[in-house]
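Input: a single structure, listed below in structure tokens.
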Amino acid sequence: MSLTIASILAESAVRHADRTAVVLGDLRLTYAQLWGHAKQYAAVLREKGVGPGDKVAILLPNTPHFPLTYFGALALGAVAVPVHALLKSEEIQYVLEDSGAKVLVCAAPLLGEGAKGAELAGIPVLAVMDSPGGVASDATIERIDTAALSATPIEAITQREPDDTAVILYTSGTTGIPKGAEITHFNVMMNVLASATYSFDIGPDDVVLGCLPLFHTFGQTCCMNTAFFVGASVVLLPRFDGGQALELLEKEKCTIFMGVPTMYVGLLEAAKSSELRPKLKSALSGGAALPVPILEKFHEVFGTEVLEGYGLTETSPVATFNQIGFPPKPGTVGKQIWGVEVEVAKAEVDERIELLPTGELGEIVVRGHNVFKGYLNKPEATAAAIVDGWFRTGDLGTKDEDGYVSIVDRKKDMVIRGGYNIYPREVEEALLRHPAVAQVAVFGLPDPQYGEEVCAAVVKDPSGGEITEEELSAWAKEKLAAYKYPRRVFFVDGFPLGPSGKVLKRELQEQFKEQ
């Protein structure tokens, strides 16, 4: 059996030839145009020596160049290696060397770091978009825009086997150096099929706002690949801004919004100074737990229910979702998707999987077509992550008698104060109900008496009135058990964010550990 992700775009170029595939500003490309250009990109990559199994690193923002390069590489049977757009040169060098990339396709605005990283790794750069300037002089840089769009398209897709690696996605490296997760053609195709058919209410008449970064698994598979599979339109937004996103949702008559919690906060903030209220059919949230107060506020302001799902890079990514056919349960991440098992296991046991009874708290484990192939060149890490066929997520949660999964927190984020386990999400949910709190991140800091102390970094909501750190701590004391409320509160202007929009709590811990 042969299978390739490239067939997603190839099929839609036939079935939905004249429908709009991508929108960026005034630019609109149909499915036939997008696939035709992708095959031209493939031809240029082939001229540069790229063939089946070769790694093509992609350092591009949310513009049509991303799907052109991504599908062009996959059409050749090559492996796509998306690179986080905010990495510095040495971090880029690591990804290029670890993956064994043969070439880096880089946006000209990102060449400053990209070309340096490629130079350090000793591989050539193919530049797209605006004219490069001020880049590393010794790097081999060649523009491919003009060459690609005048090239004779490749005639046929190079077929691949289901278990062949299609994409290598690097984890954020919360512990140690980043690891390259090998995602197969089968992983992605089944995740797209399950999402489009059984999970998301999405069809060819839908318009999706593509503000999630395409180099990340959420934006790449759930937004781009799933939308392309059904023939929907994707409106690209290169860099998320709440006000701009709100305007695009209205202007382009978007029907579906997909975002991480920080994006929902951004839209709510923008709505305070705008009367725009786009008529969304659905809003999908993932990447991190969406606090229930934010979910409720979004429904109140926009009249749209937010449906939460759950997944990780290693689960391609969707594992659970508040999917069509089942009543949504706010505060949960829904049920396991079609063809996938999601259970709760003892978190303290590493060498085997011990499943727990319904309702008990433990580590979320996943088994099915979505579990990745393994970490590139890291057999020990792979063996620790996949036990008895189950992928250990590192997330703590429960599963109720109806099969709905609730995520409590990351196993590593749990705060242990005086021997008591405290789950930051519970404290965050409480603090977000104070009118003066716009965003909050709860974490632990070392404490000589209790081992760890509960701390909260808070972004204020000016419309909620003034409040001091002491007053907010006292307010929380009235809402939470004595061991849970934050003794230390820090007011901040914003949070450090990872590639998917997750708050980087380890950076907050570093920032405040001496205060």
Original post:
Roughly how many percent of the accessible protein surface of the range 239-369 is carbon and sulfur, given a 1.4 Å probe and a whole-percent answer?
Top reply: 52
**OP:** Quick one: what are the phi-derived ³J(HN,Hα) couplings along the range 259-269, Karplus 6.51/-1.76/1.60 with θ = phi - 60°, whole Hz, x for glycine and proline?
**Re:** x, 9, x, 5, 6, 5, 4, x, 5, 5, 5
Original post:
Sequence-distant or interchain residues sharing an amide H contact under 5 Å with Gly77, placed H: which?
Top reply: Thr158
Subject >> Packing-based ranking, highest mean first, of 488-498, 21-31 given that Cβ atoms within 10 Å are counted >> reply: 21-31, 488-498
Original post:
Just from the alpha-carbon atoms, what are the Rg and Dmax of the range 50-97 in angstroms?
Top reply: 11.0, 30
Original post:
Which whole-percent values make up P(r) of the range 420-504 when all C-alpha to C-alpha distances are grouped in 10 Å steps starting at zero?
Top reply: 18, 52, 27, 3
Original post:
How much accessible surface area, in Å² rounded to 10, belongs to the heavy atoms of Met263 with a 1.4 Å probe?
Top reply: 20
**OP:** Please calculate the 1.4 Å probe accessible area of Glu341, with all protein chains present, and give it to the nearest 10 Å².
**Re:** 80
Original post:
Within a Cβ distance under 10 Å of Lys346, other residues only, what is the Lys/Arg minus Asp/Glu net charge?
Top reply: -4
**OP:** Once you have the Cα-Cα distance between Thr197 and Lys253, take 0.36 nm times their residue separation minus that, and quote the gain in nm to one decimal.
**Re:** 17.9 nm
Original post:
Distance in nm between label sites at Ser463 and Arg239, each 7 Å beyond Cα in the beta-carbon direction?
Top reply: 2.6
Original post:
Excluding Asp395 itself, what net charge comes from residues whose Cβ is under 11 Å from its Cβ, given Lys and Arg +1 and Asp and Glu -1?
Top reply: +2
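The values are calculated or read from the model by the stated rules, or taken from the named source; none is laboratory data. Not measured: the values here are computed from a predicted model. We place every Cβ from the backbone using ideal geometry, glycine too, and count neighbours over all the protein chains shown. What goes into the accessible areas is simple: the full protein's heavy atoms, side chains included, and nothing from ligands, DNA or RNA. Shrake-Rupley method; radii C 1.70, N 1.55, O 1.52, S 1.80 Å.
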